[in-house]
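The values are calculated or read from the model by the stated rules, or taken from the named source; none is laboratory data. Note that the structure is a prediction, hence the values are computed from the model and not measured. FYI the Cβ positions are ideal-geometry reconstructions off the backbone, even for glycines, and counts take in every protein chain you see.
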Amino acid sequence: ITHFTDSCKWRITGEIDQNPSKNNNRLKLILRVEALEKDDRSFSVTGKIRVTVLGDIPELYVGDRISFISKIRSIINRVNNHI
């Protein structure tokens, strides 16, 4: 997955790895990614990403396979540097 971050939008396909958590109109889940596709290119990949879904959210469960189009952003390490 890390080789495909911060570039274009991909069709991301994978399986939900943990129970999604819902808070207001936001759903967070961990997805075990299986494939990335764009135009006529397809890549089998391994790795997990955290997905946040906003708005009208369907019921999703561990083991569900989902597919959507999005960018994959790099992890940002936010450290509190206050002394």
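Are there strands (runs of 3 or more DSSP E) fully within the stretch 1-71 with at least 2 residues that are within 12 Å of the chain's Cα centre (by Cα)? List them.
Values: elements: 10-16, 21-23, 26-38, 41-44, 48-54, 65-70.
Correct list: 10-16, 26-38, 48-54, 65-70.
Given the structure, is LYS38 out of contact with any helix residue (DSSP H, G or I) (no Cβ under 7 Å at 6 or more places or on another chain), at pLDDT 90 or above and within 13 Å of SER67 (Cα to Cα)?
yes
Could you tell me whether any residue of the stretch 9-17 is surrounded by 15 or more Cβ atoms within 10 Å (Cβ to Cβ), under 20 Å from SER74 (Cβ atoms) and without any contact (Cβ under 8 Å) to a residue 24 or more places away in the chain?
Within the stretch 9-17, none of the residues are surrounded by 15 or more Cβ atoms within 10 Å (Cβ to Cβ), under 20 Å from SER74 (Cβ atoms) and without any contact (Cβ under 8 Å) to a residue 24 or more places away in the chain.
Do you know which residues across the stretch 32-72 are surrounded by fewer than 10 Cβ atoms within 10 Å (Cβ to Cβ) and not hydroxyl-bearing (Ser, Thr, Tyr)?
Passing the criteria: ASP39, ASP40, ARG41, LEU54, GLY55, ASP56, PRO58, GLU59, GLY63.
If you scan the stretch 1-35, which residues turn out to be among the hydrophobic types (A, V, I, L, M, F, W, C), closer than 15 Å to SER70 by Cα and touching a Gly at 6+ places or on another chain (Cβ under 9 Å)?
Residues satisfying the conditions are ILE1, LEU31, VAL33, ALA35.
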